[in-house]
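Data first, discussion second: the structure below is written as C-alpha cells.
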Amino acid sequence: MSAPEPRANPILLGHEAAERTLLGALHFGRMHHAWLITGPEGIGKATLAFRFARRLLAGHAADGAGESLALDPAHPVFRRVVAGGHADLLTIERAYDEKTKRRKRDIAVDDVRKINGSWR
C-alpha cells in the first residue's frame, strides 16, 4: 500500500521538529516570507509543505496553534487543496520532458517567470 499524494496526505511522520518550528512562527507572529524545506527524496517535504499551506489557508494562523499543523480531511480547505482547486494556492511542479519521457530534474526559472507575466 502506497502513501497518498502529498497534497492529500493527512499524516506526517518524522517531522516533529520542523512542525514545531512552523507552529512557533505562527504562534509568535514571526512568519518569514519564504521557507526552504530540503532533504532527500521521499521523506515528506511536500507533505509538510501542504500541511502547512492547508493550516494557513484555513485561517488558523495564530489562534493557539496547538501541537500540530493538522487539519481534518473533512475540512473544506483540505478538500479544495486535495482537488487542486483552492484559489489561494499555486503550486509549481517540474515539467515533463518529451525527449526523456520523464519529469525534469528541476523547476526551470522560465517556468516560474511564466506565472506572473514576467515571461519574455
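The values are calculated or read from the model by the stated rules, or taken from the named source; none is laboratory data. This structure is a prediction, so every number in the text was calculated from the model and none was measured. Positions of Cβ are generated from backbone atoms using ideal geometry, with glycine treated the same way; all protein chains shown enter the neighbour counts. Accessible surface areas use protein heavy atoms only, side chains included; no ligands, DNA or RNA. Shrake-Rupley method; radii C 1.70, N 1.55, O 1.52, S 1.80 Å.
When every residue of region 20-42 is checked against the conditions, none turns out to be modelled with pLDDT of 90 or more, over 23 Å from residue 76 (Cα atoms) and of a type in the set (Asp, Glu).
Taking first residues from region 96-108 that are closer than 23 Å to residue 40 by Cα and partners that are among the aliphatic types (A, V, I, L, M) and assigned to a loop (DSSP other than H, G, I, E, B), the Cβ contacts under 9 Å between residues at least 6 apart in sequence or on separate chains come to 103/95; 104/95; 107/92; 107/95; 108/95.
Remark: pairs (first residue in region 70-81, under 7 Å from residue 54 (Cα atoms); second residue open to solvent by 60 Å² or more (accessible area, probe 1.4 Å); Cβ separation under 8 Å; 6+ apart in sequence or on different chains) = 78/72.
Evaluated against (1) more than 14 Å from residue 69 (Cβ to Cβ); (2) β-branched (Val, Ile, Thr); (3) within 13 Å of the chain's Cα centre (by Cα), residue 47 falls short on exactly one condition, (1). Sort out which residues of region 85-120 are closer than 23 Å to residue 51 by Cβ and in contact with a helix residue (DSSP H, G or I) (Cβ under 7 Å, 6 or more places away or on another chain), and write them in order of number. Passing the criteria: 86, 88, 89, 92. None of 47, 38, 21 is assigned to a loop (DSSP other than H, G, I, E, B), at negative phi and polar (S, T, N, Q) except 38. Filtered by the rule that a residue be crowded, with 16+ Cβ neighbours inside 10 Å and either in contact (Cβ under 8 Å) with a residue 24 or more places away in the chain or among the polar types (S, T, N, Q) (or both), region 18-44 gives 18, 19, 22, 23, 26, 44.
Out of 55, 103, 94, 79, which single residue is at pLDDT 95 or above and either loosely packed, with under 10 Cβ neighbours inside 10 Å or not aromatic (Phe, Trp, Tyr) (or both)? Let's see the steps before the verdict.
On the way: 55 fails: at pLDDT 95 or above; 103 fails: at pLDDT 95 or above; 94 fails: at pLDDT 95 or above.
When all the criteria are applied, what remains is 79.
Name the single residue that is modelled with the highest pLDDT among those in region 106-120 being exposed (fewer than 10 other Cβ atoms within 10 Å of the Cβ) and either assigned to a loop (DSSP other than H, G, I, E, B) or touching a Cys at 6+ places or on another chain (Cβ under 6 Å) (or both). It comes out as 106.
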